[in-house]
Structure formats: structure tokens, C-alpha cells
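Have a look at the structure below before the remarks.
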Amino acid sequence: MGAGDMWDERRLNAFPAAVPGPPSRWGTVAAERTVLGVIHNVTSATRLLDLLTVFDGDPRVAVQFTCTGSSPFGGGIAEFITAHELPYVSWDEVRKSTFDLAISTSRGGDLQQISAPIIGTPHGAGYNKTLRREPGAGSREPGAGSRRLMGWRRSG
Amino acid sequence: MIPAAIVLSHDEQRERLRRGCPEAVPRSHVIGDPCADQIRISAPFREEYRTALGIRPGQKLVLLTSTWGERSFLGRSPAPGAPSDPGIIRRALAELPVDEYRALAAIHPNAWHWHGGWQIRSWLEPYIRAGLLVPTPESDSWKAAICAADAFIGDHGSLTLYAAAHGLPGLLASFDDDCVAAGSPMARLGELLPRVSPSLPLRQQLAHAARRQPGDARIARAAAQVTSRPGEALSRLRELCYAHLGLAEPVDPVVPRPVALPVERTAPRRTPLAQPLFVATRFTDAEAGEEGPGRPQVTVRRYPAALQGERGTHLTDPHVVVEEGEPEERWAGVADIVVIRRSTPRGPTPAPERLFTRHPGCIVVAVPAPAGSAGDCTLHLRDGREFTARWGGSAWWTEPAVAASALHAWLTRDEEDDAAEVTIDVAIGPEPAGSDADAGESPAPLPLSLSLSLPLVPPLPGSRPGQPAQRLLRLETPQPPVDGQS
């Protein structure tokens, strides 16, 4: 455990992957839009599920999940995805696909590779922390840090 | 990469955004905080959350919240090898009486998953044995715990803000000023909430916070910054999402739902053996009142023996209670009271004799009455006397161990008395008003207000070994009436 327990997509091999993007003819429910939920770690994932309740009951919207693989806190993600039966799309597939919307509760990873408008939210009680400037660390203050708009840097 | 929308929970954040990154302001949307909304609408179900977490009626639940990192509450909890500072988790379990308080540790998932759940639970095992609840952090249990709690001890993590916003009084076990954004509500709470004092008893500090903080407008103002759109977060978020999707919103409104009841195991590795306890009793003699002579009272406060260490200013002259089968010699050897488990089979050697031999310091052996009689029991003394103890009412704590401690208090009181029979009011929790640090600020933790009756027979000059005289100890409430049966 600990530092060595990074996120590894291969751990999801046993789990059926979702087909990214728009519904295929093999699907049962033909949703009109596809939303991508972006997971960084279990912390951001729990908040993500809280937020995605806005789509409950609407078969027009399908939700898929991916993981940036950027957080040092990768432990538990595979178990979380499996336990919650999240339809998972690999990061590679995400880069090749287009989504109608992405929701991200953290700022890390190569979010610019996602082809979708992104809604960024906090994963805690607003924005209270500034992370120290270490490799892979950014700021969780709104707009602090990066000049590339809103501190969209790696912060886990 | 340009985000389409930046979601904020309070207008105040937009001002900080304006200072830090003005070009992002047009894309910002203040929607409020969905978790704060959910906690708010879950508040009416406090009793359901408490029941699901195993909190007994009248108990105070103290929420210990830790974010991640070395400067977090958990990161700052010293190892057991540090006698000068045992750490606040240990102090919470050691200093708060087990019948009046429960503690729940809400650990940040980053800390949990970095080290692994097994490791966290292993590190906390001495406290779990003493009653600490440690739910897995991915669940909704932290929200349920906030709804169920009476106070919190936190750090610079979000749960401190959520707990304060819920109106809970709290203390700070640690606070990392370096990583808290200046001007944020968390920074303000860091200024306003008291830090845990290493010298004052924790119970006193919590009582003080419970008295002072509810009326503190500065704390309320800071905590209210958790959301500037109370109740609206989900509906505003849905509006934002559907606008981006180019879809009409569903007809049905989206509303926050109460937090699910925690069902996961919060106390893994349950032991069949009750923990050794230090028990402090306070005996108050009967005082005549307007309605005739009152009853003597015994207040029983119990603490985990294994966590006391060198400290213990909160404890005076305790006796030690263990259950039959206690493996640790340091407790078995000094136990004043040994409680036989109800499941113990009746062997050829009477259990009391066997246990008086096994436990050289023991003066009372409690033998539970047959099943169905709640906490009634027979109490054997080393000198051969025997008491029958009967509770006149029942609560979760009316158990043989408490009856035995009440008898202990009666036997060790200052004065002698030859009454054949006596009734004692037994209480778990705050001592009579005026004599206790927090008696005034909270209602009695056990409003059932069970009383104990202790009937005594005359002294036993002619008693011989093998022919023990019998005294009668009865534990009764005023209602239903004492029926005199032994």
C-alpha cells in the first residue's frame, strides 16, 4: 500500500468496459447524450457520485466514468469502480472519443485531452486549501496558481 | 484547456477567483454545496442515524475528523510511546466515560487509501477495542455521523466546516495554516475554534465548547460560508448541466435526499469479551426531601482501563471491572469486580469460588440471573455474603457490571449502616447538579433515571463458611413499584 499503490487501469480487466461515446446498436437504452464522470481518486469519486444524482431517472442521459491516473491517491479506485458498478472507459478510449459533457471534481490530470465541455467543481467544502508546490501538486483555490485559467493543474 | 464552467459553492469564492484569475470569473457559477444541503435535510433523522451507528439513548457522539497529510489530525496523533502527549484520539477514548460518550473517526479517503483500510484500522485498534467507530470513508457515513453527532474534534479538513455549518460545537486537534487559503472560511474557523488544550480534561473542553459556541455569531458567520445557495445546489447544477447538454430538464424537480442510513460494519473484529474498565463511583447519602426520606445515590462512570496510562486527572479512586476470561494479567490480577458471562456453563466448582482464586484482588463476583431477567444478578463477596440484585426498570446499561459497581460504592462508602435492605438510585453519567463540570449544560444522559435499591440484612456474626448469610440487594425504579421479591 501507500506510495506504490498507484492507480492501474489493468486492475479493471475483469470488469466489462463501457463502450465510449454515443450508444451503439447493441445497447438497450438509446440515450441521447453521454456524460463523462472524471475520477481522480476515491475522494473525488464520492463527490462525483453525489453530483451525478442530477441525472437520476433520465434515460436520455448516459453516464460513463474514467480515471485520469494522475492522483497519488490511486488506492481503492478499482475497488470503488467495481463496488459501484461504474461503466468504465479507459483513458486511452476517452482521448479518442467525444462526450457531450464532462464533470470533474478535481483539477489533476490531462483534462485538456477530453473532448467535451468540462464542468469543474470542488470535492470538499468549497475551496479552502492551497497545495504546496510539489510535482503533481496544484492549487485548490479557485483560480490560484496557473495562468492557464483556474489552476487547471495537477492536484491529484 | 478551458473549462466550460467553474462551480463555486459561495459568492465569496467568486471574489477570490476575481483576485486570482479574473478571466475565469465569467465562467463561474455559484450553485451552493450539495453535501451541506443533504446534511441539512437529513437533520430531522438524527435519531435514525444514531440508532444505525449504535449510539445509545442519551449518549453524546463525538466526531473525530481528519483530513490527509502529516499535519492532519490523524497525522499529528502521536504514537503510544509518547507519554507526555498521548494523542487526542487516545485522550478522547480514555477521558470520555464509555457510557456517556461514543467517538467516531471520519478519516479522509486519501489517508485511508494511501495506507489501506486494514492499516488504518490496525493503527486504531486499541481505540476500536475501546469503542471507537471507524467507518470506511467512501460511504455516506461521515454525513450521517455529522447528523448524529453532538460535537466534533477536527482539523483543517472540509468536515470541520461541514460540522460547524451543521451547528456542532467543536475543537481543533490540529490545523495546518500553511495549506489553508487566506480569506477562506476554513482560515476563519482556524482563528475562531479553540485548539485542544493538552492540560485541561477533554470533557471539560467539550462542555465549554457546547456552552459557548452555539451563540457565537462569528463562528456561525464563518460556517455559513459553506454555501450561499442553501438547498439549491442540485437544482442549480442540473440546470447548468442540461444547458450544456442542450436538453430540456426533466419535469420532476431534483431535490436532495436524506443521507442513507449507514449499514456497513463500523466495528470490525468484534470481541466476545468486554473491555476492562476503570470505574469511578460517587456515593451520595439519602437526603430527606419534601416527599419523605430520599434514597442514596450512586453515580457510575466507566472508562477503558487499557488507555489510561499515566494520565487520569479525570479519574479518582477507580475500581477495576473485568469480565471472566480476561487474558491480560495486568487487569485480571487487580480486578475488584469480575463479571461472569451469561453463557458460562455451570460447572462442578461454583464459579465464584473459582474466580476468587483466579483473581486475587477481586471482592465481588457478579453472576447474571437466568436469561430474561435483564441485568438482574447475584453478587458474591469474598467473605461469603451474597446479594441479589434486581433492577426495577431497564435501560441498555442496567447490566450486572453496573449493579456490581453500585454495590462496590455502597460497601466502600464512609459510614456503616445495618439496614437489611436498601434502595439506591443508580445513574450513569453526570453527577448531581452543581458537583460536575458539565452537569448544568446538558440534560441527564439517561433520562430513564433508574434507581437502585440495596436492601441489607443485619451483620453476620454467626455466619460460617459454607453457610453464607444472604443479604438482599435490589435495584429498583420507583415505577413499577417494588414488589419485594428477591
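The values are calculated or read from the model by the stated rules, or taken from the named source; none is laboratory data. Note that this is a predicted model, so its numbers are computed, not measured. In this analysis, Cβ positions are derived from the backbone assuming ideal geometry, glycine residues included, and neighbour counts consider all displayed protein chains. Each accessible area value is taken on the protein alone, full model and side chains, heavy atoms only, with ligands, DNA and RNA left out. Shrake-Rupley method; radii C 1.70, N 1.55, O 1.52, S 1.80 Å.
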Open item on the list: Please list, ordered by chain and number, the residues whose modelled amide H lies under 5 Å from the amide H of B:Leu61; skip anything fewer than 5 residues away on the same chain.
Closed with: B:Arg102, B:Asp150, B:Ala151
Open item on the list: Can you classify segment B:1-58 as rounded, prolate or oblate using the Cα gyration tensor, where a ≥ b ≥ c are the square roots of its eigenvalues, rounded means a/c under 1.5, and otherwise it's prolate if a/b beats b/c and oblate if not?
Closed with: prolate
TODO: Kindly tabulate the residues in segment B:206-242 with an accessible-area decrease of at least 10 Å² between the chain alone and the assembly of all protein chains, using a probe of 1.4 Å.
DONE: B:Leu234, B:Leu237, B:Arg238, B:Cys241, B:Tyr242
TODO: Enter the accessible area per residue of segment B:31-245 (Å², integer; probe 1.4 Å; all protein chains in place).
DONE: 36
Open item on the list: Take A:Arg25 and B:Trp396, extend 7 Å from each Cα along the Cα→Cβ direction, and tell me the distance between the two endpoints in nm.
Closed with: 6.1
- [ ] Go through segment A:72-83 residue by residue and turn each phi into a ³J(HN,Hα) via Karplus (6.51, -1.76, 1.60, θ = phi - 60°); whole Hz please, and just put x for glycine and proline.
- [x] x, 9, x, x, x, 5, 4, 5, 5, 4, 5, 4
- [ ] Find the percent of Cα-Cα distances in segment B:317-392 that exceed 16 Å, and round it to a whole number.
- [x] 47
Open item on the list: Give the residue list of GluC sites (Glu not before Pro) in segment A:53-131 that are DSSP loop and have at most 10 other beta-carbon atoms within 10 angstrom.
Closed with: A:Glu85
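How do B:Glu70, B:Glu95 rank by accessible surface area computed with a 1.4 Å probe, from largest to smallest?
B:Glu70, B:Glu95
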Open item on the list: Buried by at least 50 Å² relative to the chain on its own: which residues of segment B:95-125 qualify, computing accessible area with a 1.4 Å probe on protein heavy atoms?
Closed with: B:Asn110, B:His113, B:Trp114
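Please list, by residue number, every one of the GluC sites (Glu not before Pro) in segment B:332-419 that is coil in DSSP and has at most 11 other beta-carbon atoms within 10 Å. Mind dumping the intermediate values first?
Numbers: sites: B:Glu353, B:Glu386, B:Glu415, B:Glu416; in loops: B:Glu415, B:Glu416.
In loop regions of segment B:332-419 (DSSP not H, G, I, E or B), the sparsely surrounded GluC sites (Glu not before Pro) are B:Glu415, B:Glu416.
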Task: Built amide H within the under 5 Å cut-off of B:Leu171, gap 5+ - done: B:Phe152, B:Ile153, B:Gly154
- [ ] Would you kindly derive the ³J(HN,Hα) couplings of segment B:100-107 from the backbone phi angles with the Karplus curve 6.51 cos²θ - 1.76 cosθ + 1.60 (θ = phi - 60°), listing them in order in whole Hz, with x for Gly and Pro?
- [x] 9, 10, 10, 10, 10, 9, 9, 9
TODO: Pull out a ≥ b ≥ c, the square roots of the eigenvalues of the alpha-carbon gyration tensor of segment A:30-120, then state rounded if a/c is under 1.5, prolate if not and a/b is larger than b/c, and oblate in the remaining case.
DONE: oblate
Open item on the list: Just to verify a number: what accessible area does A:Ser106 come out at with the full protein assembly present, 1.4 Å probe, Å² rounded to tens?
Closed with: 0
Open item on the list: Report the Cα-based extents of segment B:31-245 along its three principal axes, largest first, to the nearest Å.
Closed with: 58, 35, 34
- [ ] Just give the residues from segment A:46-78 buried by at least 40 square angstrom of accessible area in the all-chains context relative to the isolated chain, probe 1.4 Å, and say none if nothing qualifies.
- [x] A:Arg47, A:Asp50, A:Leu51, A:Val54, A:Arg60, A:Phe73
Task: Computed accessible area, B:Ile128, all protein chains, 1.4 angstrom probe, square angstrom - done: 20
Open item on the list: Per residue of segment B:164-176, what does 6.51 cos²θ - 1.76 cosθ + 1.60 with θ = phi - 60° give for ³J(HN,Hα)? Whole Hz please, x for Gly and Pro, Karplus curve as stated.
Closed with: 5, 5, 7, x, 6, x, x, 10, 9, 7, 7, 7, 9
- [ ] Report, by chain and number, residues whose modeled amide H sits under 5 Å from the one on A:Gly74, excluding near sequence neighbours (fewer than 5 apart, same chain).
- [x] A:Trp7
- [ ] Express the carbon and sulfur contribution to the solvent-accessible surface of segment A:30-120 as a percent, rounded to the nearest whole number, probe 1.4 angstrom.
- [x] 46
- [ ] Compute for chains B and A the buried accessible surface, both sides summed, probe 1.4 Å, and express it in Å² to the nearest 100.
- [x] 4800
